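What follows is a single structure, written as structure tokens, with notes after it.
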Amino acid sequence: MRESCNFSKKANTVKQSSADLKLTQAELNEDKMSEECGVFGIFNADGESSAAELTYLGLIALQHRGQESAGICANHQGKFNLHKSMGLVESAFEKEDIRKLKGEMAIGHVRYSTSGSSKLANAQPILINSIKGDLALAHNGNLANGAELRNNLEQNGSIFHSTLDTEVIAHLVARSFEDDIVEALIQSLHQLKGGFSLVAMTKDELVAIRDPRGFRPLSIGKLDNSYIVASESCAFDIIGAEFVRDVAPGEVVVIDKDGIKSRRYTGENGTSLCVFEYIYFARPDSNIAGQNVLLARKEMGKQLAREMDVDADIVVPVPDSGIAAALGFAEESGIPYAQGILRNRYMGRTFIQPTQEIRDLKVRLKLSPIKEIIEGKKVILIDDSIVRGTTSKQIIGRIKEAGAKEVHMAISSPPVEHPCYFGLDTSRRQELIASSNSVEEISESIGADSLHYLSQAGMLKSIKTEVELGFCTACFDGDYPIDSRYLSEED
């Protein structure tokens, strides 16, 4: 098995510069949970736009799920061509790059690293060549037993070129006794523990797979005679496709010239959809399991207002993550909503020397309180979560500098007390401020006059899916839905 890809000169240039200027993971996250990535695939693109062009647009819609690298692999009559690069989708691809990616089928990926460092070798999709045939893979999630599988494979002669869980899956496929590559992929799934949604491409087929508990979302759409799979339904909207349905937990969907074939590769064990998709990860215009994300967040804000009793003059969101909940809070409480903080939308990740002075200035550059709105007011500040507490402290400090009389922080989710092993960026408990501090201690640490969290029951009550689902809430309550022997914190 080997990885085969056609990298542009520009891609290698980006790799060198990003390595020199890379900030630490915590600095990039700026005190927010981060998802690992987004996946997209299209079969039988037969309109004016090529599969690669539509995939490019789909990845732009999924950009919020990963900003470190982007890649597209196109399939033209069984011949694969892959381009991937560091950075945002629009900077990763020039017009000429897309033009070279000919074909009627393609898969794409945007990445944020929760496991594996930020470098070009860890960009996806990955392309493998084996005696079974060519296979392109794009993966969203995290294998709880990935390190164990990698170690066993290396002891048996496998050579890895990246630190990706995706490459672990590729080696399992190559070593399978199944001759058919799709059957080999399905056989490899039985060895995986954790959360994953996979999009794969053979010379004739597009394959979509979701882990048995459905930790990570994956949906199917249709555009004329083309079928599409994507991490979120917002990727369908951008290209004018219609949502068809979600891929079910434990389901393998194979799309070829004869249409869609579906099968389960495992028995039903209950679902564990990551509840943070509704709290923060997914785009507000996406629908997951029939529940619009923005409306769920707004309802969380309403529920938070029902659970709180604080005298205040205005409700102010932390943009953009707190806006929907703040609107719901204001509507339910009758306290006026005010856009008291302006977000600088032209300030991305500052790849400059990460001195302490620059770290302190980053929030000032990104978020600016409006003094005329805040001065002399008792403020309820709404955000979706507190992970490390660093950014909340700086925002509250700035609001008080602008003259706020009081600042009461309200969070539209419960305290994040436990690490995640299924695709989020919190695999070390000591990073989480709520893991070792009471609500009162956190409030004092971030400088708030009071701190209020939405109850777990209130959070779950706010999510109204079309089908009955179970949610993974392990980051709040420590109730992990897989065997504990696969859970270990990163060094």
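The values are calculated or read from the model by the stated rules, or taken from the named source; none is laboratory data. None of the values given here were measured: they were computed from a predicted structure. Cβ: placed from backbone, ideal geometry, glycine included. Neighbour counts: every protein chain shown. With ligands, DNA and RNA removed, areas are computed over all heavy atoms of the protein, side chains included. Shrake-Rupley method; radii C 1.70, N 1.55, O 1.52, S 1.80 Å.
Some points to look at:
- Overall form of segment 167-296 per C-alpha gyration tensor (a/c, 1.5; a/b vs b/c): oblate
- DSSP-assigned coil residues among trypsin sites (Lys or Arg not before Pro) in segment 385-450, each with at most 13 further Cβ atoms within 10 Å: 428
- Two-site label geometry, residue 378 and residue 160: point separation in nm, points 7 Å out along Cα→Cβ: 5.5 nm
- The share of C-alpha pairs in segment 37-142 whose separation exceeds 23 Å stands at 20 percent.
- Restraint check, 132/193; 366/405; 261/464; 95/119, Cα-Cα greater than 27 Å: 261/464
- GluC sites (Glu not before Pro) lying in DSSP loop within segment 371-404, provided at most 16 other Cβ fall within 10 Å: 375
- Extension reserve of the residue 257-residue 131 stretch, reckoned as 0.36 nm per residue once the Cα distance is removed: 43.0 nm
- Gyration tensor verdict on segment 241-291 (Cα atoms; rounded if a/c is under 1.5, prolate if a/b is larger than b/c, oblate otherwise): oblate
- Modelled FRET efficiency - R0 30 Å, residue 180 with residue 99, Cβ distances, 0.05 increments: 0.35
- Taking the 1.4 Å solvent-accessible surface of segment 43-83 as the whole, the part contributed by carbon and sulfur is 47%.
- Calculated FRET efficiency for the pair residue 266/residue 244, C-beta based, R₀ 25 Å, to 0.05: 0.65
- Whether segment 94-200 is rounded, prolate or oblate, judged on the alpha carbon gyration tensor where a/c under 1.5 counts as rounded: oblate
- Computed extension gain for residue 441 through residue 225, at 0.36 nm per residue and net of the alpha carbon distance, reaches 72.0 nm.
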